[in-house]
Amino acid sequence: MEFMDSIYHVIFRGKLVEGTNKNKASITLSKILKIPQSQDNEFLSGKTFVIKKNITNEQVLIISKKFLTYGIVVEFIKSKEQVRKSNETTAHETDVQPSESEKKSTVDIWYAIKSTVYPHFYLSVILWFFPAILAGAGLQWLFIVNILTLGYSIPVWLATSQGYIIDIDNNEFTFPASDVENNFIEIITLKKLRNMMHRHSIKITEIRALNNEKGRRQSRVNFDAKRKTPPMRDQWLLNVSGEFGSQQFEFDSKQKRDECRSMIFTACSRKGNRLRGASDFNLDL
């Protein structure tokens, strides 16, 4: 997940934050661009205006926040020189607008392994145990059960191993499904387990808040024979909420949680999305 060492242009396409006074926004833009106010009606026509060229990654958040205080939504695109150096294909629709793929991802491989192995093990044991008790099924049945359980484990691995993906071009954030049960029917039909085989997506511009959360729970395994109970382990959680509702993601380490949070926050800023419940600081919670 890297947005570093890139050079961007700041452009305006006539978009304003809902409720913004159009006249005040036009006056502000005319002062910034040094264009007579008699021509400020062109700002909201949908044309592309270059606000500033050749800014660094560190300046992206500062400029985005500054314009959002006036209700002005700006976008950031890589400069032609930056795109040429990275050997990316460009489509020259305008003088400063390259067409490029903006995909970033955060993969927590250990969480993906645990999310696949533990359910596979428990399901195999459960499906083997009852036939073994009632019908005397032996190890051959255990082997068959493990093969059958792969029909569940493989989709879980494919869903979780892709991690969390930001697609700025398509305004999309995709992630392993993590919805919790909302009623008794969903509990008995194992909705949480079924969800693990799928991925969901939301729009980046619909995200309104990012909140860290730290929990603790008992470890699934106990490697210390002297312990009567398994040790407690930290849960690193990220809550993402917005017009779509709320999603909670669990990570195996604080580093991966903060990496994902930073990726989402930066993408929201690039799309002109002003988050109300997040800052550019990652707090240790």
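Things to note:
- In terms of accessible area, using a 1.4 Å probe and ignoring ligands and nucleic acids, 197, 263 rank largest first as 197, 263.
- Proximal charge balance of residue 15 [Cβ under 14 Å; K/R count +1, D/E count -1]: +4
- A probe of 1.4 angstrom, applied to the heavy atoms of all protein chains, finds residue 200 with accessible area near 60 square angstrom.
- Exposure ranking of 111, 164 by accessible area [1.4 Å probe, largest first]: 111, 164
- Two-site FRET efficiency, residue 31 against residue 7, from Cβ-Cβ distance with R₀ of 35 Å, rounded to 0.05: 0.90
- Among the listed pairs 52/203; 214/256; 66/254; 15/53; 24/47; 24/66, those with a Cα-Cα distance over 24 Å are 52/203; 66/254.
- Accessible-area value, residue 70, 1.4 Å probe, nucleic acids and ligands omitted, Å²: 110 Å²
- Taking all protein chains together, 169, 108, 252 sort by accessible area into 169, 252, 108, largest first [probe 1.4 Å].
The values are calculated or read from the model by the stated rules, or taken from the named source; none is laboratory data. Not measured: the values here are computed from a predicted model. No Cβ is skipped: glycine too gets one built from the backbone with ideal geometry, and neighbour counts run over all protein chains shown. Surface accessibility is based on the protein's heavy atoms, side chains included, excluding ligands, DNA and RNA. Shrake-Rupley method; radii C 1.70, N 1.55, O 1.52, S 1.80 Å.
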